[in-house]
1. Amide H of Arg118 versus every other amide H placed in the peptide plane: which residues, excluding those fewer than 5 positions away on the same chain, fall under 5 Å?
2. Would you mind calculating the relative contact order of the chain from Cα pairs under 8 angstrom and at least 6 residues apart, reporting the percent as a whole number?
3. Strictly under 4.7 angstrom between C-beta atoms: which cysteines of the chain have no such partner?
4. What angle, in degrees between 0 and 90 and rounded to the nearest 10, separates the Cα long axis of helix 30-39 from the longest principal axis of the Cα atoms of the chain?
5. Hey, what do the phi angles of region 78-84 turn into as Karplus ³J(HN,Hα) couplings, whole Hz, using 6.51/-1.76/1.60 and θ = phi - 60°, x for Gly and Pro?
6. Using Cα pairs closer than 8 Å and at least 6 residues apart in sequence, work out the relative contact order for region 73-132, in percent.
7. What is the log10 of I(q)/I(0) for region 41-85, computed with the Debye formula using one identical point scatterer on each Cα and no solvent, at q = 0.30 Å⁻¹?
8. Per residue, how big is the convex hull of the chain when only Cα atoms are used? Give it in Å³.
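Just so you know, all these numbers are worked out from the coordinates, no wet-lab data involved. Note that this is a predicted model, so its numbers are computed, not measured. Cβ sites come from the backbone with ideal geometry, for glycine too, and all protein chains shown count toward neighbours.
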Amino acid sequence: MAFSTSFSHTKGSREFNGSLYNLITETKNWYDAKENCESLGGNLTDIRSSAEQDFIIELFDVYVKVWTGGSNAVDENTFSWLDGSAVSSGYTNWAPNQPWHPCGGIRCISVLQTWSYRWNDEACDNKMRSVCKFS
Ligand SMILES: [Ca+2]
């Protein structure tokens, strides 16, 4: 698969499968990260395949975690991507025993380098880097 660097959109964007992605290095809570991506004309990324997951990992610095667009903010019983599709209906890469959070409630999906880049659901107020996707 070909990873290419593109400067046609935001500086530092990288292209995969027809979409551009940016790693936002400033740490933000999920809501601010979502708003930031939208202000740039994109959205917090979804992850629809192992190839897309591998590509996003290429954007990471070491020892970081990043927000994706996944959350149960709309329906607490269902994790969904920002286009409304259920996360469970497609590719997933949850860490063992996830999704799970001791406090329950609204949680958002992060990708953790320290968990072999598997997914965690955690409090959306936590601050971390984020990946914007421009389709
Ligand atoms: Ca969790």
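1. Hits under the 5 Å cutoff: Leu112.
2. Working: 256 pairs, mean separation 45.1, N = 135.
The value is 33 percent.
3. Cys103
4. That works out to roughly 30 degrees.
5. Calculated HN-Hα couplings, in order: 9, 7, 9, 7, 6, 7, x Hz.
6. Details: 61 pairs, mean separation 15.8, N = 60.
Once divided by the residue count of region 73-132, the mean separation gives 26 percent.
7. Computed log10 I(q)/I(0) values: -1.12.
8. On the way: hull volume 14.2 nm³, N = 135.
Dividing the Cα hull volume of the chain by its residue count gives 105 Å³.
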